[in-house]
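Have a look at the structure below, then the notes.
The values are calculated or read from the model by the stated rules, or taken from the named source; none is laboratory data. These numbers come from a predicted model, not from an experiment. Please note: Cβ atoms are built from the backbone with ideal geometry, for glycine as well, and neighbour counts cover all protein chains shown.
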């Protein structure tokens, strides 16, 4: 009986984030943010590439995300990533930052549904998580004039006009679709690159 209580206690403790887990999540989070910002900065010079950035980031950053959640392997990794992402990309627009955190929490719930042992749930969680790429655009969706004014100030009227031409009522749905597509492409790549990490973690 005492042995069973000790085992149960160890399992409960193992579910809690430790210092090393926070370090791993923070490190991978930093890599994820840097890659995202580089991609957006490089492609952002062209309005159409800026608009489709959810698919580009999704395709490139999937491996980093999966390595992070597999390494930590418990509740909190995706949420930490989401908080860092929200602060880095949407700090100037609070609703966008809050939405990014909510999306990250949903990704955590997907993994929790699989008890952090299901490969399908780990993969599906990234499809959800990559919807965070839509969050920085919420200012464009709901404060179009303000967003375009800022784009004009920083990038010039021609660039702003190019972005404005895509800012239709369908843009949110289009970018959600692009985020899902990018995640699927990225997961195809990630599943090949880190197959051994899934096997090492005992995830099938």
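Quick test for you: out of 120, 115, pick the one residue that is farther than 19 Å from residue 54 by Cα and assigned to a loop (DSSP other than H, G, I, E, B).
Unique residue meeting the criteria: 115.
Determine, yes or no, whether residue 101 is under 14 Å from the mean Cα position of the chain (by Cα), in contact (Cβ under 8 Å) with a residue 40 or more places away in the chain and surrounded by 17 or more Cβ atoms within 10 Å (Cβ to Cβ).
It is false that residue 101 is under 14 Å from the mean Cα position of the chain (by Cα), in contact (Cβ under 8 Å) with a residue 40 or more places away in the chain and surrounded by 17 or more Cβ atoms within 10 Å (Cβ to Cβ).
Being over 11 Å from the mean Cα position of the chain (by Cα), under 10 Å from residue 136 (Cβ atoms) and either in a helix (DSSP H, G or I) or in contact (Cβ under 8 Å) with a residue 40 or more places away in the chain (or both) is the requirement here; does residue 86 meet it?
So residue 86 fails the test.
Quick check on region 31-46: of everything there that is surrounded by 14 or more Cβ atoms within 10 Å (Cβ to Cβ) and within 11 Å of residue 88 (Cβ to Cβ), which residue is modelled with the lowest pLDDT?
Here the residue is 40.
Pairs please, first residue from region 37-66 and within 24 Å of residue 154 (Cβ to Cβ), second anywhere and assigned to a loop (DSSP other than H, G, I, E, B) and at pLDDT below 90, Cβ atoms under 8 Å, 6+ apart in sequence or on different chains.
Correct list of pairs: 47/165; 47/166; 48/166; 50/44; 51/166; 53/44.
Test of understanding: among 159, 126, 141, 116, which residue is surrounded by 17 or more Cβ atoms within 10 Å (Cβ to Cβ), over 23 Å from residue 64 (Cβ atoms) and in contact with a helix residue (DSSP H, G or I) (Cβ under 9 Å, 6 or more places away or on another chain)?
Residue meeting the stated conditions: 159.
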